[in-house]
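Below is one structure, written out as structure tokens; the observations come after it.
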Amino acid sequence: MLRILVGGDAALRQGDTLSTLDLQRDGFPELRGGQLGVRIAETQAEREAAQALRYRVFFEEMGAHADARTARLKRDIDEFDEVADHLLVIDHSVSSGAEGVVGTYRLLRSDAASKIGRYYTSSEYDITPLTEFPGRLLEVGRSCVDRNYRGRSAMQLLWRGIASYIFLHRIDVLFGCASLPGTDPEQMRDELTFLYHNHLAPPALRIRALPERYVDMQRSDPHSLDHRRCLAKLPPLIKGYLRLGGYVGDGAVVDSQFNTTDIAVLVKSELLADKYYRHYERRLRDALE
């Protein structure tokens, strides 16, 4: 059963819901599901553990190409890591600290991105429709789970952690790059066509791949697609965004370094928060009755 810890030992008052709880704005309530928990990294060792996990998944498993520094450190590091928050799934039966990190997701809020002057996604997409959007933005990325934990539990905890983070920081739109394995768009032509014709973002949120990196997603006859087969071939993370009512941007981008073809994904935060907070509030009410 999922256990929610809010504000350490703070007691829940009768009638409270997550929308009225006095959450710590400088902290993050850990969510627990059995031996697994999800929370924000608190120490440099935990952030380095997330980078080491990313290295194992992206470079050792998925065939990304490491530069000399990355190969020497065996950690996936970039400039955004210093200003971002790192959401962690931790196996408490192994360790409640860095040694227990088995999943991660990088979270970059607009105020953090302003310290660098850009988002990671802006290296692939013109995100002007988002930066001009009157609301708080959250860029998500670098998601991965240790191969021994790729069942439903770890990914569900990551999603629930993101929902809590969105609530905590009053985020309006979540966005980022999601990847399909491989660098030949023709090998995934049906999936790209399916995404374009069924999940394209509305004009107000429709970011577009940079002209020099733009790969047309319309590569098959949309009327001849087997939608169930297309969905089945999409990576679980992309399917998760779509289940939440997410959209995709216009154009794919080939990322030769990471051996992937990227698409832009966007989710209005209330879609994600409503799904999970109805669930959390129901559990809280049950616990208090």
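Side notes on the structure shown:
- Theoretical FRET efficiency, 1/(1+(r/R0)^6), r = Cβ-Cβ of THR183 and VAL94, R0 30 Å, to 0.05: 0.30
- Neighbourhood charge, 15 Å Cβ-Cβ cut-off, centred on LEU266 and excluding it, Lys, Arg +1 and Asp, Glu -1: -3
- Put a dot 7 Å past the Cα of ILE77, heading toward its Cβ, do the same for ASP146, and the two dots end up 2.2 nm apart.
- Rh by Kirkwood over Cα pairs, then Stokes-Einstein D for the stretch 176-250 at 1.567 mPa s and 4 °C, µm²/s: 101
- Here the calculated FRET efficiency for ASP172 and ASP221, from their Cβ-Cβ distance with R0 = 30 Å, stands at 0.25, rounded to the nearest 0.05.
- Full extension of the chain between ARG213 and GLN44 gives 57.4 nm of extra length, using 0.36 nm per residue less the Cα-Cα distance.
- Reducing the stretch 167-184 and the stretch 190-262 to their Cα centroids gives an inter-centroid distance of 13 Å.
- Listed from fewest to most Cβ neighbours within 10 Å, the set GLU191, GLU186, GLU212, GLU30 follows the order GLU212, GLU186, GLU30, GLU191.
Only the coordinates and a few stated rules stand behind these numbers; no lab work does. What you see is a predicted model, and the numbers here were worked out from it, not measured in a lab. Cβ sites come from the backbone with ideal geometry, for glycine too, and all protein chains shown count toward neighbours.
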